[in-house]
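S.K.: One structure is given below, represented as structure tokens, and several questions about it will come after.
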Amino acid sequence: ACCPLSPAGAQSPQIRVDPPWTPAVLWDRVALTCQGPGTPGDTNWYKDGRWWQWGPDSITVIKSGTYKCEGLGTGLSPPVHVVNATPVLQVPAQALLEGDRVTLRCRS
């Protein structure tokens, strides 16, 4: 047996990161938005593997950690890591395939 599916075959939510770089760095005033099935405003947020808060589908991060979201009746999103480190090498927060041209950012 593999993985349980969300109810009615719903897709798990995704977290949009703004600014759209990964890893996200705390000093960028990172905003996370939970996108996907579920009702906007009915979002469970998890930080470092524990339930953190219920509320809006967009939050501004003020602490480093690993974040996930969950809409009502949906599964958990993939994790987003927010770091408080310098220097940090960032890549665009999007799916990349071998052979793609990519811009890297070294931040300090």
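The values are calculated or read from the model by the stated rules, or taken from the named source; none is laboratory data. Note that the structure is a prediction, hence the values are computed from the model and not measured. Cβ atoms come from the backbone with ideal geometry, glycine included; neighbour counts cover every protein chain shown. Keep in mind that these areas ignore ligands, DNA and RNA; they rest on the heavy atoms of the full protein, side chains included. Shrake-Rupley method; radii C 1.70, N 1.55, O 1.52, S 1.80 Å.
S.K.: Of everything in the stretch 87-97 that's free of Cβ contacts under 8 Å to residues at least 60 places away in the same chain and closer than 23 Å to R107 by Cβ, which residue is surrounded by the fewest Cβ atoms within 10 Å (Cβ to Cβ)?
M.R.: Selected residue: A95.
S.K.: Let me ask something else. I need the full set of residues from the stretch 71-85 which are surrounded by fewer than 21 Cβ atoms within 10 Å (Cβ to Cβ) and touching a Leu at 6+ places or on another chain (Cβ under 9 Å), in order please.
M.R.: G75, V83, N84, A85
S.K.: Considering only the stretch 13-57, state which residues are in contact with a strand residue (DSSP E or B) (Cβ under 8 Å, 6 or more places away or on another chain), surrounded by fewer than 18 Cβ atoms within 10 Å (Cβ to Cβ) and either among the hydrophobic types (A, V, I, L, M, F, W, C) or under 15 Å from T74 (Cβ atoms) (or both).
M.R.: Q14, L26, A31, T33, Q35, P37, T39, G41, D42, W51, W52, W54
S.K.: While we're on this one: Could you run through the stretch 12-31 and say how many residues are acidic (D, E) and not in a strand (DSSP E or B)?
M.R.: Residues that pass the stated criteria total 1.
S.K.: Same structure again: Name the single residue, out of those in the stretch 77-105 being polar (S, T, N, Q) and at pLDDT 90 or above, that is nearest to V61 (Cα to Cα). First the steps, then the outcome.
M.R.: Filtering the stretch 77-105 down to residues polar (S, T, N, Q) leaves 77, 84, 86, 90, 94, 103.
Narrowing the set further to residues that are at pLDDT 90 or above leaves 77, 84.
Details: S77: 17, N84: 11 Å.
So, considering only residues that are polar (S, T, N, Q) and at pLDDT 90 or above, the one nearest to V61 (Cα to Cα) is N84.
S.K.: Next question. Exactly one of these conditions fails for K68: (1) open to solvent by 40 Å² or more (accessible area, probe 1.4 Å); (2) under 19 Å from V25 (Cα atoms); (3) modelled with pLDDT under 95; (4) not acidic (D, E). Give me its number.
M.R.: If we test K68 against (1) open to solvent by 40 Å² or more (accessible area, probe 1.4 Å); (2) under 19 Å from V25 (Cα atoms); (3) modelled with pLDDT under 95; (4) not acidic (D, E), just (3) comes out false.
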